[in-house]
1. Report the net charge of residues surrounding residue 22, where surrounding means a beta-carbon distance below 13 angstrom and charges are Lys +1, Arg +1, Asp -1, Glu -1.
2. Taking only pairs that are 8 or more places apart or on different chains, how many Lys pairs in the stretch 2-93 have Cα atoms under 19 angstrom apart?
3. Please rank 56, 107, fewest neighbouring Cβ atoms within 10 Å first, as an exposure proxy.
4. When the chain is fully extended, how far beyond the present Cα-Cα distance does residue 57 get from residue 33, taking 0.36 nm per residue of separation?
5. How would the stretch 1-103 be classified by its alpha-carbon gyration tensor: rounded, prolate or oblate, with rounded meaning a/c under 1.5 and the a/b versus b/c comparison settling the rest?
6. What FRET efficiency comes out for the pair residue 75/residue 106, r = Cβ-Cβ distance, R0 = 25 Å, nearest 0.05?
Amino acid sequence: MKIRIKGNSLRYRLTKSDMYRLSQEGYLEDRTNFGNRALVYVIQKTNEHQLSAFFDDNIICLQVPGVMIEELDKTDRVGFEGKQGDLLLLVEKDFTCLDNVDEDQSDNYPNPLAEKSK
């Protein structure tokens, strides 16, 4: 799971195994350690009807409706977006990069643009 924060937007990208775990367990968590403190980022299933988020006690949590998780997991849908006040929220599948990168992308979704760029 990756997060990207830019201005008033929060984006979560999920690999295939992230998507599987989220669909099965309804919860994912990761952290970035800053010495004696950590920034924790979470995505969790909710029964609500739209994306929502909160930040509390160094935890960023994106709450995703169960119907959205199921659609992401079982279809070709790329992602969902929503707004919470001025905050733009996105959750999407993590595709392999078209450029050469050093990170392991073996668990990413195949990039739909890969065939077009050949």
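What follows is calculated from the coordinates using simple rules that are stated; it is not laboratory data. Worth saying up front: this structure is predicted, and the values here are computed from it rather than measured. No Cβ is skipped: glycine too gets one built from the backbone with ideal geometry, and neighbour counts run over all protein chains shown.
1. Once all neighbours under 13 Å are counted, the net charge is -3.
2. 13
3. 56, 107
4. 7.2 nm
5. rounded
6. Efficiency, rounded to the nearest 0.05: 0.65.
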